[in-house]
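Written out below as structure tokens is the structure these notes cover.
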Amino acid sequence: MKQIRTSKQLTVTYFSIVAFAIIAFHFSMLESMIEDMESVYAETRMDKDIATATALFQGTNLTHVAVPPFSNAYLGKKNLPAWVVLESDISNDKPYHLAPSSETKLEYFSMLSKVMINGKLRDLYLIHHDAIYESSEEKMFDTQTTQLFMSLLLLIISLWVVMRISNRLTKPLSNLSKNLESRSPENFSPISLPDGAATREIHQLVDRLNSYQNQIRSLVERERAFNRNASHELRTPLMVMRGALTLLNKSDSKEFMERQRTRMVKACQEMEDYITTLLSLTRDEDTDSMSTRVINEAELALICEAHREYQPNEFVELKVSSQGSVKTKLPVPTLHILVGNLVKNALACTDKGQVLVVMEDNLIKIIDSGCGLEGKPTGESYGLGLMIVRDICTKYHCEFTLLNNEEVGCTATVRFPPERKA
């Protein structure tokens, strides 16, 4: 398996490659610059010395003349000193270094030029050596070498600065990685910002991780709640159906049988509504594309009628009041579970008085005169209860609140989102 390197290792590797490239480029540019300067100087100087040598050869039979202070001119290749060995591919009027086989350790230039001397076209060879330039070149090279070492020192300092910056930027990520690695799968607590998190990207990353973790926690809690409580919600209508079937064996009265049949139909409908609602909460649906419908008082009265059996005694009155209209995208079964759970919990927490279901513009209130939030558990002991109410409201963008009344009881309020204008 290929080893994955850390950010520091990558930083050192990439910076070393860049630094080596810069040093190599700097050194090659230094060498090229010195060679070019030397060639340009030699060519300019030797052109002048050839003109001088040509004038010195005119009217004489000489084959060698000295051109002070740095050159010697020879007519014809055979008159060159024995220690001079020329390159085989030299061109006219171009300066060339002597061949490496020349018997000299000094740096000489040679140039071949066709010149007219005493009315004849002759080959003039100029051998040039500038000791002063060579000395200056060495000093120049020493200076450039010093600059090269200064550049190298600067690169080392830059590497140190880059490593500090890299450590400042990558250490929070490293700490965050260690934090995530040490967390157990069951730990859904918020992830804290690592020390030194000074960049916006780290803050955004932690925020997104916490957002994803909250979604996972909600899914896990919903699954646990479903496993813990859904069986009770589905078992209740089954028990009603089983009891009705048992009672059918004890009487042949048509009225009695019809009453039991009605109980079984209602139990089946309740089970179907629960299954439909629970399954809809696990699906991703585009609620914005759903059609809008109007909730009327008769629908609320029907929901309340289906839950009158939860009235603890005759001293509790269940009433419906309409003071406005509600438009919603909730499917009928989902709305029945939403309001039904709130009504059932209100009845279970009220020993006397009344439970009032009020419909106003864009909201539904369930007001009871029971024990309030400090009394019995607020719905969790009755199946999915308020948890499924909150899940429904979250999915369909409704606002749910449950508050104590000023005197007795509490009020559950579901505020529906206003209809968007096209």
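The values are calculated or read from the model by the stated rules, or taken from the named source; none is laboratory data. What you see is a predicted model, and the numbers here were worked out from it, not measured in a lab. Cβ coordinates were reconstructed from backbone atoms using ideal geometry, including for glycine residues, and neighbour counts include every protein chain displayed. Just the protein is used for accessible areas: all its heavy atoms, side chains included, with ligands, DNA and RNA removed. Shrake-Rupley method; radii C 1.70, N 1.55, O 1.52, S 1.80 Å.
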What do you reckon, is Asn167 within 30 Å of Ala19 (Cα to Cα) and touching an Asp or Glu at 6+ places or on another chain (Cβ under 9 Å)?
no
Filter the stretch 253-284 down to the residues that are in contact (Cβ under 8 Å) with a residue 12 or more places away in the chain and charged (D, E, K, R), then identify the one that is least open to solvent (accessible area, probe 1.4 Å).
Asp273
If Glu299 satisfies all but one of (1) open to solvent by less than 70 Å² (accessible area, probe 1.4 Å); (2) within 23 Å of Gly370 (Cβ to Cβ), what's the number of the condition it fails?
(2)
Which of the residues that make up the stretch 91-112 are in a loop (DSSP other than H, G, I, E, B) and farther than 21 Å from Met37 by Cβ?
Ala99, Pro100, Ser101, Ser102, Glu103, Thr104, Lys105
Identify, please: which residue in the stretch 363-394 is at pLDDT 70 or above and among the β-branched types (Val, Ile, Thr) and is, among those, surrounded by the most Cβ atoms within 10 Å (Cβ to Cβ)?
Ile388
Residue among Thr13, Thr60 that is closer than 30 Å to Gln147 by Cα, surrounded by fewer than 12 Cβ atoms within 10 Å (Cβ to Cβ) and of a type in the set (Ser, Thr, Tyr):
Thr13
Candidate set from the stretch 330-358 (those that are over 15 Å from Thr413 (Cα atoms) and among the polar types (S, T, N, Q)); member that is most open to solvent (accessible area, probe 1.4 Å)
Gln354
Filter the stretch 84-94 down to residues that are modelled with pLDDT under 85 and closer than 22 Å to Val40 by Cβ, then give me how many there are.
6
Within the stretch 56-70, is there a residue that is under 21 Å from Arg122 (Cα atoms) and part of a helix (DSSP H, G or I)?
yes
Hits in the stretch 394-404 (condition: part of a loop (DSSP other than H, G, I, E, B) and either farther than 29 Å from Lys329 by Cα or in contact with a Lys or Arg (Cβ under 8 Å, 6 or more places away or on another chain) (or both)):
Tyr396, Cys398
Which condition number does Lys327 fail, the rest of (1) open to solvent by 10 Å² or more (accessible area, probe 1.4 Å); (2) on the phi < 0 side of the Ramachandran plot; (3) modelled with pLDDT under 90; (4) in contact with a strand residue (DSSP E or B) (Cβ under 9 Å, 6 or more places away or on another chain) being met?
(3)
Condition met for Glu87 (touching a Phe, Trp or Tyr at 6+ places or on another chain (Cβ under 7 Å), assigned to a loop (DSSP other than H, G, I, E, B), farther than 16 Å from Leu62 by Cβ and open to solvent by less than 80 Å² (accessible area, probe 1.4 Å))
yes
In the stretch 222-235, is there at least one residue being closer than 30 Å to Glu305 by Cβ, open to solvent by less than 90 Å² (accessible area, probe 1.4 Å), of a type in the set (Gly, Ala, Ser) and modelled with pLDDT of 75 or more?
no
Report whether or not Leu318 is closer than 23 Å to Ile295 by Cβ, surrounded by 18 or more Cβ atoms within 10 Å (Cβ to Cβ) and at pLDDT below 85.
no
So Pro417 clears everything in (1) open to solvent by 40 Å² or more (accessible area, probe 1.4 Å); (2) at pLDDT below 85; (3) in contact with a His (Cβ under 6 Å, 6 or more places away or on another chain) except one condition, right? Which one?
(2)
Is there a residue being loosely packed, with under 10 Cβ neighbours inside 10 Å and either touching a Phe, Trp or Tyr at 6+ places or on another chain (Cβ under 8 Å) or modelled with pLDDT under 80 (or both) anywhere in the stretch 164-184?
no
Could you pull out the residue among Tyr41, Tyr74 that is touching a residue at least 24 places away in the same chain (Cβ under 8 Å), assigned to a strand (DSSP E or B) and either closer than 26 Å to Ser113 by Cβ or open to solvent by 90 Å² or more (accessible area, probe 1.4 Å) (or both)?
Tyr74
From the set of residues in the stretch 1-18 that are in a loop (DSSP other than H, G, I, E, B) and among the hydrophobic types (A, V, I, L, M, F, W, C), which is modelled with the lowest pLDDT?
Met1
